[in-house]
Amino acid sequence: MLYVVAWPVLGEADDTALRRLRAQYHPGEAALIGPHFTLVFGAAAEREEGLRTTLQGVTQRPFWFLIERIVRSDLYLYAEPSDGAAELAALHEALNPVPGREPFEPHVTLGRFRSPAEAEQVARIVGRQNLPMTGRIEELALLRRSGDTLETLASVRLGA
């Protein structure tokens, strides 16, 4: 499966907080990949060449984002940006010419929980202790996942 992610550049304290949250509440994924915004999720291998071409043609300049809220969706907990969300959505649209089944909501996945109540409780604590967070998106990467292995196939610096 193929993925395209936007790597957030964060201050040390914010980066550490996101990594700790993911390690605690989403350990399997946290061991595989650090905090990121997913722009293409689980694409077929046949899309690799098209994704490479689209990535090379990205004209978006680096941009700032601001995370001011933690959102719970069923058993998952997400950090959603306010500022920067439009730029992430535009990148998602450029990389996904056919709309998906669900609307795109830019986010960093923080965890998966046993119950919605547990996720909601953690959301409140995280929001009070860790927000707001500010960062920049400067780089996108095309990744291939095979089981528990993640390989970077291409990387593009924005504005290059």
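Among the candidates 104, 65, the residue that is open to solvent by less than 60 Å² (accessible area, probe 1.4 Å) and touching a strand residue (DSSP E or B) at 6+ places or on another chain (Cβ under 7 Å) is uniquely 65. Does residue 95 satisfy the condition of being touching a residue at least 40 places away in the same chain (Cβ under 8 Å), closer than 20 Å to residue 49 by Cα, surrounded by 14 or more Cβ atoms within 10 Å (Cβ to Cβ) and of a type in the set (A, V, I, L, M, F, W, C)? It is true that residue 95 is touching a residue at least 40 places away in the same chain (Cβ under 8 Å), closer than 20 Å to residue 49 by Cα, surrounded by 14 or more Cβ atoms within 10 Å (Cβ to Cβ) and of a type in the set (A, V, I, L, M, F, W, C). Does residue 77 meet the test of being under 14 Å from the mean Cα position of the chain (by Cα), within 26 Å of residue 25 (Cα to Cα) and open to solvent by less than 30 Å² (accessible area, probe 1.4 Å)? So residue 77 fits the description; yes. When the stretch 125-160 is filtered for residues that are of a type in the set (D, E, K, R), surrounded by 12 or more Cβ atoms within 10 Å (Cβ to Cβ) and either in contact with a helix residue (DSSP H, G or I) (Cβ under 9 Å, 6 or more places away or on another chain) or farther than 13 Å from residue 64 by Cα (or both), the ones remaining, listed by number, are 144, 145.
Here is a yes/no grid of residues against (1) modelled with pLDDT under 95; (2) closer than 18 Å to residue 138 by Cβ; (3) touching a helix residue (DSSP H, G or I) at 6+ places or on another chain (Cβ under 8 Å):
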residue	(1), (2), (3)
2	no, no, yes
10	no, yes, yes
19	no, no, yes
25	no, no, yes
30	no, no, yes
50	no, no, no
53	no, no, no
62	no, yes, no
67	no, yes, no
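Reported count of residues in the stretch 32-44, each being over 21 Å from residue 101 (Cβ atoms) and either modelled with pLDDT under 95 or assigned to a strand (DSSP E or B) (or both), is 0.
Here are 109, 59: which of them is outside any helix (DSSP H, G or I) and surrounded by 15 or more Cβ atoms within 10 Å (Cβ to Cβ)?
109
The values are calculated or read from the model by the stated rules, or taken from the named source; none is laboratory data. Computed from a predicted model, the values in this text were never measured in an experiment. Please note: Cβ atoms are built from the backbone with ideal geometry, for glycine as well, and neighbour counts cover all protein chains shown. Protein only, heavy atoms only, side chains kept; ligands, DNA and RNA dropped before computing areas. Shrake-Rupley method; radii C 1.70, N 1.55, O 1.52, S 1.80 Å.
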